[in-house]
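> Before we start, here is the structure in question, set down as structure tokens.
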Amino acid sequence: VSQDTPTTDGRPRGSTAVELDSAYDYEKPFSENRKEGPRVELDPAPDEVFALDARRELLGFPVGYPIGVPASPLTASAVWIKALADQGFNVLTYKTVRDAPDGRPAFPPPNWIFVEELDEPLSPDSALAAIRVVGGSQTRPRDARAFSMANSFGIPSPPTAEWQSDVREALRFLRAGQVLIVSVAGNYEELRGQELVDDFVRVALHAETALGASPDRAAAIELNLSCPNTVSREGRGARPICENADDTYRIVNAVRGALAPATKLVIKLSFLERGRLAPVVEAVASHVDAIAGINTVQVSVKRPEGGPAFRGTLTDPDAERPAGLSGVAIRDLALDFVRSLAYLRRKREWDFDIIGIGGVMEPHDVRALMASGADAVQTATAAANNAQFPRVLWGDGHPEPTWEERLLQLVTAALEDPRWAFRTLEGLARDLRVGPDQVADLLHQHPEVARRSAMTDREGRALYTTPDRRISMRERLERARWILAH
Ligand SMILES: Cc1cc2nc3c(=O)[nH]c(=O)nc-3n(C[C@H](O)[C@H](O)[C@H](O)COP(=O)(O)O)c2cc1C
């Protein structure tokens, strides 16, 4: 494909690379990035980005606008968590850690690269195994809002005691309305069967301790059941655990049983089309508080000059490593996944939250996932290259109103309707298509939106009007009569 081939939407494709102010330093190893935090100086977001909407919840915790960053190198340490929390990312998932007394190193570099050409979403029906992915350390994107990346880190982890104290540190940096979830995984390279299940339980309990879970302090743990770029001891690419409903159930059931009842349990899945997703969700829906997804999509990446882009494992310097594809290429897979989850949740009346992840590059993508049923949205690839994303979202006039906010807007509109001076609860309920009790609750909780008149209608029902409507002579008389009568 030549560089000036138009994109399918007719936009001319830029032939030159764009400059990104990336927070992650792709030239440096993971360990250094983790220690040093973002490579760019970032002013904290302005106050309005943090505006707290006390009625919004995720996992039962109050949250601000539910935008966040999923488990990734951007959330691998307290320094990063602080930087992202200051930018207004409210739902932060600490990068997957393991139970490893001496820690686990990352795979040899490169670990994270841009890929060529994948600057449009792939169709969920495309044969993903067959897509050609080309990229190298020198590859740069041509469109700052539409690009894809591939990574292969191998889920490195600091020693258990070290990440536990770092998680405690990270908690100090959260503001009201921000949530920290800790992602964990068992050592699937070495362990199988019950041993792997036990390892998931162990690491989840270590995370629960680090988060200081107690009867009055709920913690949130995410099980990473979906990492696609794992390499078994023999060097072969392994499939994500979540593709197997039985394995998924065994792990989730054991972890749920071991954690304190108040601890929230999230599972992170990879893309599965609805037919394959349904049995997995069916197996665990009653045990989990949220389902997050999607993870990256497993691909093999070649360098532009030929040969594998990611080579060498901890035991075999020549092994070709599969990689995880992220960014705009996987956007429509994430949408499809969230729609399927929301459909299953509605159909079966389950009540887990949905954390939508994958290919979010622009405010529009956040709204699309929220409108498809997500209760929160996270972005890794966009956040890595534009850590000020929440500000962009805010500037775009984003926040999707909550259901209650929408009702309040409708009540206000109904009260301001010039056809009526006063409205009954029943009349408002009819307009809003909800029950009169719900309207009564809403007005009780938000006395600022309506003034209750001293008058009643002919049937003795309460009447409401806008708070700024002047008190009429009839109302005054009515009030005097009421005072005299009581
Ligand atoms: C460099 C990198 C490392 C990641 N590491 C993890 C991880 O440790 N655990 C996990 O559950 N997901 C991990 N992910 C997956 C992301 O959380 C996310 O699901 C995926 O990148 C898709 O979102 P995006 O398109 O916004 O990047 C990683 C992604 C990237 C790009």
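> Applying a 10 Å radius around every beta-carbon, put 91-101, 24-34, 444-454 in order of their mean neighbour count, most first.
Ranked by mean Cβ neighbours within 10 Å, highest first: 91-101, 24-34, 444-454.
> Could you work out what % of the accessible surface of the chain is carbon and sulfur, using a 1.4 angstrom probe and leaving DNA, RNA and ligands out of the count?
The C+S portion of the solvent-accessible surface of the chain is 49 percent.
> Now for a different question. Just how much of GLU426 is accessible, in Å², when a 1.4 Å probe is used and the result is rounded to the nearest 10?
70
> Just to confirm, what accessible area per residue do you get for the chain at 1.4 Å probe, in whole Å²?
46
> Magnitude of the Cβ-charge dipole of segment 383-486, K/R +1 and D/E -1, about the Cα centre, nearest 20 debye?
Roughly 560 debye for segment 383-486.
> To continue, here is another question. Using the basic label-point model (7 angstrom from Cα toward the beta carbon), what is the SER126 to LEU191 distance in nanometres?
Rounded to a tenth, the inter-label distance reads 3.7 nm.
> Considering the options GLY397, VAL338, GLN378, tell which one lies farthest towards the positive end of the dipole of segment 336-420, charges being +1 on Lys and Arg and -1 on Asp and Glu at the Cβ, about the Cα centre.
Value computed over the given set: VAL338.
> Take the Cβ-Cβ distance between PHE61 and HIS287 as r, set R0 to 22 Å, and report the resulting FRET efficiency rounded to the nearest 0.05.
0.70
> I need the Kirkwood Rh of segment 24-91: take the reciprocal of the average 1/r across all distinct C-alpha pairs and report it in angstrom.
So the Kirkwood estimate lands at 13.1 Å.
> Turning to a different aspect of this structure: Output the Kirkwood hydrodynamic radius of segment 420-480, Cα pairs only, in Å rounded to one decimal.
After inverting the mean inverse Cα-Cα distance, the result is 12.0 Å.
> Taking the 0 to 90 degree range and rounding to the nearest ten, how far is the long axis of helix 160-171 tilted relative to the main principal axis of the chain, both from C-alpha atoms?
Relative to the chain, helix 160-171 is tipped by roughly 30 degrees.
> Counting only Cα atoms, I'd like the Rg/Rh figure for the chain, Kirkwood definition for Rh.
1.06
> Now a separate question. Taking every DSSP beta bridge with both residues inside the chain, roughly what % is antiparallel (nearest 5)?
The antiparallel proportion sits near 40 percent.
> In whole percent, what relative contact order does the chain give with Cα contacts below 8 Å and a gap of six or more residues?
Relative contact order for the chain comes out at 15 percent.
> Starting at the first residue of segment 69-80, write each ³J(HN,Hα) from the Karplus equation 6.51 cos²θ - 1.76 cosθ + 1.60 with θ = phi - 60°, in whole Hz, x for Gly and Pro.
Per residue, the Karplus-derived 3J(HN,Hα) values read 10, x, 3, 5, x, 6, 10, 8, 7, 4, 4, 5 Hz.
> What nm distance separates the two modelled labels at ASP457 and ASP431, each placed 7 Å from Cα along Cα→Cβ?
With each label placed 7 Å out from Cα toward Cβ, I get 1.2 nm.
> Okay, moving on. Treating only the Cβ of Lys, Arg, Asp and Glu as charged (+1, +1, -1, -1), what charge dipole size does segment 319-417 show about its Cα centre? Round to the nearest 20 debye.
Charge dipole, segment 319-417, about its Cα centre: 400 debye, nearest 20.
> Then there is this: Report the full-extension gain for the segment ALA51 to ASN253: residue separation times 0.36 nm, less the Cα-Cα distance, to one decimal in nm.
Contour length minus Cα-Cα distance gives 69.0 nm.
> Could you please state, rounded to a whole Å, how far the C-alpha centre of segment 130-171 is from the C-alpha centre of segment 72-98?
Their Cα centres are 12 Å away from one another.
> Could you tell me the calculated FRET efficiency between ARG346 and ALA161, based on Cβ-Cβ distance and R0 = 41 angstrom, to the nearest 0.05?
0.40
> For the residue pair ARG172 and VAL392, what label-to-label distance in nm results when each label sits 7 Å from Cα along the Cα-to-beta-carbon direction?
Here the modelled spin labels are 3.2 nm apart.
> If you fit an axis through the alpha-carbon atoms of helix 331-348 and take the longest principal axis of the Cα set of the chain, what angle between them do you get, 0 to 90°, nearest 10?
With both axes taken from Cα atoms, the answer is about 50 degrees.
> A further question on this structure: For the chain, with only Lys/Arg (+1) and Asp/Glu (-1) charged at the beta-carbon, what is the dipole magnitude about the Cα centre, in debye rounded to 20?
Once rounded to the nearest 20, the dipole reads 1180 debye.
> If the cut-off is 22 Å between C-alpha atoms, which lysines fall inside it for LYS35, apart from same-chain ones fewer than 8 positions away?
LYS82, LYS95
> Would you be so kind as to identify which of VAL184, PHE200, HIS486 lies farthest towards the positive end of the dipole of the chain, taking Lys and Arg as +1 and Asp and Glu as -1 on Cβ and the Cα centre as origin?
With unit charges placed on the Cβ atoms, the residue in question is HIS486.
> Compute the FRET efficiency between VAL40 and LEU484 as 1/(1 + (r/R0)^6), taking r as their Cβ-Cβ distance and R0 = 60 Å, and round to the nearest 0.05.
The computed FRET efficiency comes out at 0.25.
The values are calculated or read from the model by the stated rules, or taken from the named source; none is laboratory data. Keep in mind that this is a model prediction, so the values were computed, not measured. Positions of Cβ are backbone-derived with ideal geometry, glycine not excepted, and every protein chain shown enters the neighbour counts. What goes into the accessible areas is simple: the full protein's heavy atoms, side chains included, and nothing from ligands, DNA or RNA. Shrake-Rupley method; radii C 1.70, N 1.55, O 1.52, S 1.80 Å.
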